[in-house]
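Visitor: Got a structure for you, written out below as structure tokens; questions coming shortly.
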Amino acid sequence: MKSVEWLWLIVVVLVLACGAAAASDHDEGRIIWASSYGDGRFNLWSVEADGTGRARVTDSFMQALFPSISPDGSRIAFASMDTGVWYIYLVNVDGTDLVQFTTFSSAVPHWSPDGLRLVFNSDHDDEPTDTPDLWGMDLDGTNLVEYVDRPPTADFNGQWSPDGKRILFVSDRDGNYNLYVIGADGTGLKRLTSHRAADYNPCWSPDGSMIAFASDRSGNLDVYVMDSDGSNVVRLTTSSGYDAAPAWSPAGDRIVFESDRAGHSDLWIINADGSNPIQLTDDEAADIHPDWR
């Protein structure tokens, strides 16, 4: 995973930032994202959904990317290539207790609903370089499992379903990037999208009934939603810029995403039906890879 080509591919479009646990209607939660604000280095930041309480989480990385918030909201898993190899790290939401989680090439983590395990991309072991498959490991570093293994195709951006029984992911196994789901036991593979365009960034709604994703089927990247079985696809954004990396609010009534519609990459929030767009960040920095818990 050392190539510049794969770095830019996942930085631009293979985002994984996705909340999976439901919350009460009162709980707006916090949004964590990667930003180059201040010094041009990508570190993690957090903010309230109304734009207040902005705080820097990490400050020692050149590129801390793909944050995923634990189900209890206390920890963040993320990836960095600062060492020349993609590794996954864990940190408290207040920036304390930073630890390295993996010691092999790995990126784009996502928490299991019970908070005891991560699924992630990896091209280690016998995988072709820069062609990841889906792997998982317990937080204590045990029980390493390869969920999907089909070289030379790329299978990535794994997302646990809210009930923990399935894993949603992106694959080019049928010629272009589409969305698939597989049982956590490795059975029951199902293709959810079959458009000739590319579909990325899948994200379960908190109740597991819907999936948000990004697709260039309209000519540029926009945010879409569909039922969890792949039916009833609805386009939510129609700006002339790119809209990508959707993540649901804890209540499932809103979606945060990254967009360059204002001239630079910022975070925006819309209602789950695509209405009422609100710009959450507004600066010259690149604000990408949001997660909401």
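Read the figures in this text as sums done on the coordinates, not as results from a lab. Everything numeric here is computed off the predicted structure, so don't read it as measured data. Cβ coordinates were reconstructed from backbone atoms using ideal geometry, including for glycine residues, and neighbour counts include every protein chain displayed.
Visitor: Checking a compactness column here: for the stretch 194-244, what do you get for Rg(Cα) / (2.2 N^0.38 Å), N being the number of residues?
Guide: On the way: Rg = 10.4 Å, N = 51, 2.2 N^0.38 = 9.8 Å.
It is 1.07.
Visitor: Principal axis lengths of the chain from Cα atoms, whole Å, largest first?
Guide: Largest to smallest, the principal-axis extents are 44, 43, 37 Å.
Visitor: Just the ratio, please: alpha-carbon radius of gyration of the stretch 155-293 over 2.2 N^0.38 Å, N its number of residues. Spell out each step's value before the answer.
Guide: Working: Rg = 14.5 Å, N = 139, 2.2 N^0.38 = 14.3 Å.
Working it through for the stretch 155-293, the quotient is 1.01.
Visitor: For the stretch 153-260, what is the relative contact order in percent, using Cα pairs closer than 8 Å and at least 6 residues apart in sequence?
Guide: Values: 263 pairs, mean separation 18.3, N = 108.
Over the stretch 153-260, the number comes to 17 percent.
Visitor: Using amide H atoms built 1.01 Å from N in the peptide plane, name the residues 5+ places from ARG54, or on other chains, whose amide H lies under 5 Å from its own.
Guide: GLU48
Visitor: Okay, next question. Which net charge results for the neighbourhood of ALA272, defined as the other residues with beta-carbon distances under 12 angstrom from its beta-carbon, given Lys and Arg at +1 and Asp and Glu at -1?
Guide: Charge balance in the 12 Å sphere: -2.
Visitor: Ratio of the stretch 76-135's C-alpha Rg to 2.2 N^0.38 Å, to two decimals? All intermediate terms of the calculation are to be shown ahead of the outcome.
Guide: Values: Rg = 11.8 Å, N = 60, 2.2 N^0.38 = 10.4 Å.
Relative to the 2.2 N^0.38 Å estimate, the stretch 76-135 comes out at 1.13.
Visitor: Based solely on C-alpha atoms, express the radius of gyration and the Dmax of the stretch 171-222 in angstrom.
Guide: Gyration radius and largest Cα-Cα distance of the stretch 171-222: 11.8, 36 Å.
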